[in-house]
Amino acid sequence: MICRKVKANLANLLFDPESVPVDVRNHLEDCAACSEELVTLEATMKLMDEWQAPEPSSYFDSKLAVRLREEQRAEPAGMLERVRARLLFGSNTHLRPIAVGALALLIIIGGGTYAGLMSSHSTPAKTSATVEDLKSLDDNAQVFQQLNSLDQNDQDDSGSSSPNL
Ligand SMILES: [Zn+2]
């Protein structure tokens, strides 16, 4: 019971022991497990004090610039890969909501198709399953076209706005 209180107060015990209730502090003297935990935390903190982030090598900037230029010259990746990359790292933040919306649309269409398949098991559909599949494929193709044109726009304005490396 009091062990749990000690664990909740470990940081306070280390940095501001006065703020910790006396019974919790006294427990440290009786309980080897708790006092060891405090010692461990203290050791960790000391290590963190000594730890220093390594400096990047002096070539880091030029290497990065070379990498960026290589990526710009490289063959364009597949559309899905580009959408994914833009969502993850995209600097064109104004396009991000549009791309997210388009992906959500894809998911909705995908979910709708799935729901349609599920319901066609219970009630006989008027149109054949093949027709339904073709319809949903057509819908998906439209979304892909929209994504593609989005992508084209993006390439156009990134060409004019990106700084020359
Ligand atoms: Zn304890």
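Taken one residue at a time, the phi angles of the range 60-66 give Karplus couplings (6.51, -1.76, 1.60, θ = phi - 60°) of 3, 4, 5, 4, 5, 4, 5 Hz. Gly and Pro are set to x. Here the Karplus curve 6.51 cos²θ - 1.76 cosθ + 1.60, taken at θ = phi - 60°, turns the phi angles of the range 4-10 into couplings of 5, 4, 4, 4, 5, 9, 3 Hz, with x standing for Gly and Pro. Using the Cβ of Ser35 as centre and a radius below 13 Å, the other residues enclosed give a net charge of -3, where K and R count +1 and D and E count -1.
Computed over the range 2-50, the alpha-carbon pair-distance distribution with 10 angstrom bins reads 28, 55, 16, 1, each value a whole percent.
Every read-out reported here was derived from the displayed coordinates using simple, explicitly stated rules and does not represent laboratory data. In this text the structure is predicted, and so the values were computed from the model without any measurement. Counting neighbours? That spans all protein chains shown, and the Cβs are built from the backbone with ideal geometry, glycine included.
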